Amino acid sequence: MITLSLKILNMSIEEKSLNFIEQIIEEDLKTGLSKNKLRFRFPPEPNGYLHVGHASAICLNFGLGIDYQAPVNLRFDDTNPAKEEQEYVDAIKKDIEWLGFEWNNECYASDYFQQLYDWAVEFIKAGKAYVDSQSSEDMAIQKGTPTTPGTNSPYRDRSVEENLDLFTRMKNGEFPNGTHILRAKISMGANNMLMRDPIMYRILHAHHHRTGNDWCIYPMYDWAHGESDYLEQISHSFCTLEFLPHRELYDWFLDQVYDDTKVRPKQREFARRNLSHTVVSKRKLLQLVEDKYVKSWDDPRMSTISGMRRRGYPPMAIRNFATTIGIAKRTNLIDVSLLEFCVREELNKSTSRVMAVLNPVKLVITNYPEGKEEELEAENSQEDESLGFRKVPFSRELYIEREDFQEEANKKFFRLTVGTEVRLKNAYIIKGESVIKDATGNITEIHCTYDEDSRSGSGSEASQRKVKGTIHWVSINYAIEAEVRIYDRLFTHENPDGDKEVDFKEYINPNSLEVITGYLEPSLASAKNGERFQFQRLGYYCVDKDSSAEKLVFNKTVGLRDTWAKVENKE
């Protein structure tokens, strides 16, 4: 697998060289393009939620707008009402805003339906388009193969008058779906099969989320996209490498309408950045939702922007990730641990530290007075003193992590054992004394004693006595019960799309979600949807939208370190 080194995160802006996209723009500026003519666009199709690959494209186009102080349009290429919904439009806008970008104009390909239709009529009049009435099966046969030329449609030489009549009647809804199409008349012998009389319009009796039932014919993407760029006077149209073969057709369509007093859009391609242990295809993501492998488009296991937001990823972490992986001409598989590194780096700077116990065992401090309770002071962040301190209740009976105790342990185990001491975070030093077990031998209680003079803190009462281990805890009397959702990789294979002989869903991780009950310190009782915290020694967690006053729900965002790589290496 090809990965990018984390060392590039240390590269400053000053050291950054221009990528090939920026070099294209700079060359165009040097050869006469006025800087005030620069205009970029992000053109999603509203047929699904955006994913991490789109996030890179968003950061590219809006980042260029910021760098060159040029406008950026948000344009929805809404040419297929059978798959498009207003829900997707709203989700896309929310994602872009959440990432911190603003668009200059909100545009839709449907804004240009009349102009596109009028141009198509001119194509027919000029002998550059014709109505084809073949079946899709016959068209596929006559189109040829990459090594053999196609053959002309029997309808290719229809008269202008007949084509205009049929096209008008197609628009008026007189024919059922699939009866006729409008094709550009280019060449059935072209080496590029996309140039072999491509389809411009098809009949589609479907309700459009913006134009309703006004249209019965809809433009194909290749016809609408470049002309929409031209109408909006986009200077540079950047897309992923799968559109490289489409560039010739993009330019041919522009040739037919271009006025040399205007800016001519330039399409250029960059490589898709695939993310390991996931898929970045709206079609496949939709399958995961429809087949109920995940709960929704914003399921925190999904590679969608909404899923990452719900999981607790900060927007700046995603932007930093996009900057880190950069723009390239070759497709790369990026290790998801790099994204998680960017998330961890951002959360480390911005989140408050709190205590939570996710695999509890009861701890009883036998020499702590029964009925006594204290409020101890705990720092909210060791990174940012401005986040201040909070009070946490302390009592005789606590929960600690079961993994933080062993009856007997080797010298490298610096947590609690019988006969050894550890410090309770922000509290006292304790010493393990004995355990109580159930009939099956499981430890149900740990008994210990505490050193009353060992209290930690920032005041005059703070003890300077040192021990090797420190563990976290919560008071049983004040612990808040919460549902905690622990997420793992959605796919067990690093590249689930890599084996074309195997359905990608065969690699779905059956253990990608574990739901447990955790016990949290009481300061989290008022935590709001989307708030992020570091559960000390456990990882970063975010309040889920399912959370309520009656039941707190937290998602695990990311661990404190990359443990997955160690697991993979052992395997």
Computed on Cα atoms, the radius of gyration and Dmax of segment 205-315 in angstrom are 18.5, 53
Note: segment 113-226, point scatterers on Cα, Debye, no solvent; log10 I/I(0) at q = 0.10, 0.12, 0.24 Å⁻¹ equals -0.28, -0.41, -1.46
Counting only protein heavy atoms and leaving out ligands, DNA and RNA, the solvent-accessible surface of residue 528 at a 1.4 Å probe, in Å² to the nearest 10, equals 120 Å²
Given 216-223, 36-43, the highest-first ranking by average Cβ count within 10 Å works out to 216-223, 36-43
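Starting from 0.36 nm per residue, how many nanometres of slack lie between residue 384 and residue 409 once their C-alpha separation is accounted for? Spell out each step's value before the answer.
Values: separation 25, 0.36 × 25 = 9.00 nm, distance 3.54 nm.
Stretched out fully, the residue 384 to residue 409 stretch lengthens by 5.5 nm.
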Nearest 10, in degrees from 0 to 90: the angle of helix 221-231 to the longest Cα principal axis of the chain is 90 degrees
Between residue 264 and residue 283, the two model label points (7 Å from Cα along the beta-carbon direction) sit apart by a distance in nm of 3.3 nm
Ordering 535, 243 by the accessible surface of their heavy atoms, 1.4 Å probe, largest first, yields 243, 535
So for R0 = 51 Å, FRET eff. of residue 366-residue 505 from the Cβ-Cβ r, to 0.05, ends up at 0.40
Farthest towards the positive end of the dipole of the chain, among 43, 289, 341 and with Cβ unit charges of +1 on Lys and Arg and -1 on Asp and Glu, lies the Cα of 341
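With a 1.4 Å probe and all protein chains in place, put 449, 304 in order of accessible area, largest first. Intermediate values should be presented prior to the final figure.
Details: 449 40, 304 0 Å².
Most to least solvent-accessible, the answer reads 449, 304.
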Order by accessible surface, 1.4 Å probe, largest leading, for residues 493, 205, 447 comes to 205, 493, 447
Under the rule rounded for a/c under 1.5, else prolate if a/b exceeds b/c, else oblate, using alpha carbon gyration tensor axes a ≥ b ≥ c, segment 91-144 is classed as oblate
Measuring from its Cα centre, the chain shows a charge dipole (+1 at each Lys and Arg Cβ, -1 at each Asp and Glu Cβ) which, in debye to the nearest 20, is 860 debye
Expected sort for 87-93, 47-53, 373-379, 332-338 on mean C-beta neighbours within 10 Å, highest first, is 47-53, 332-338, 87-93, 373-379
Probe 1.4 Å, all chains present, heavy atoms only: residue 354 accessible area in Å², nearest 10, is 10 Å²
Computed over the chain: longest principal axis from alpha-carbon atoms vs helix 86-98 long axis, angle to nearest 10 degrees, is 60 degrees
Carbon plus sulfur, as percent of the 1.4 Å-probe accessible area of the chain, comes to 46 percent
quick shape note, the chain: Cα extents on principal axes in Å, largest first -> 101, 54, 42
For segment 128-136, Karplus-derived ³J(HN,Hα) couplings (6.51, -1.76, 1.60; θ = phi - 60°; whole Hz; x for glycine and proline) come out as 10, 8, 8, 8, 10, 10, 6, 6, 4
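Using the Cα centre as the reference, give the magnitude of the dipole from point charges on the C-beta atoms of segment 474-551 (Lys, Arg: +1; Asp, Glu: -1; all else neutral), rounded to the nearest 20 debye. Show your work: numbers first, answer last.
Working: 9 positive and 15 negative charges, 82 e Å.
The dipole of segment 474-551 has a size of about 400 debye.
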With Cα coordinates, the longest principal axis of the chain makes an angle with the long axis of helix 20-30, in degrees rounded to 10, of 50 degrees
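Counting only helical runs of four or more DSSP H residues, what would the 222 nm mean residue ellipticity of the chain come to if each run contributes -39,500 (n - 2.57) and the total is spread over all its residues? Please list the in-between numbers first.
Values: 13 runs with 143 residues, N = 571.
Helix contribution divided over all residues of the chain: -7500 deg cm²/dmol.
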Charge dipole of the chain built from unit charges on the beta carbon (Lys, Arg +1; Asp, Glu -1), centred at mean Cα; most positive-end Cα among 211, 380, 467 is 467
Residues meeting the amide H criterion for residue 474 (H placed from the backbone, H to H distance under 5 Å, 5 or more places apart or on another chain) are 399
Probe 1.4 Å, all chains present, heavy atoms only: residue 308 accessible area in Å², nearest 10, is 10 Å²
HN-Hα couplings for segment 236-244 via Karplus (6.51, -1.76, 1.60; θ = phi - 60°), in whole Hz with x for Gly/Pro, come out as 9, 10, 9, 8, 7, 4, 5, 8, 4
In whole Hz, the Karplus estimates of ³J(HN,Hα) for segment 515-523 (6.51, -1.76, 1.60; θ = phi - 60°; x where Gly or Pro) are 10, 10, 9, x, 10, 10, 5, x, 4
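Treating only the Cβ atoms of Lys and Arg (+1) and Asp and Glu (-1) as charged, compute the dipole magnitude of segment 392-445 about its Cα centre; round to the nearest 20 debye.
Values: 9 positive and 10 negative charges, 57 e Å.
That gives segment 392-445 a dipole magnitude of about 280 debye.
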Straight-line reach check, residue 30, cutoff 13 Å on alpha carbons, 8 or more apart in-chain or any other chain, hits among aspartates and glutamates -> 22
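The values are calculated or read from the model by the stated rules, or taken from the named source; none is laboratory data. This structure is a prediction, so every number in the text was calculated from the model and none was measured. All Cβ positions, glycine included, derive from the backbone under ideal geometry; neighbour counts span all protein chains shown. Ligands, DNA and RNA are excluded from the accessible area calculation, which covers all protein heavy atoms including side chains. Shrake-Rupley method; radii C 1.70, N 1.55, O 1.52, S 1.80 Å.
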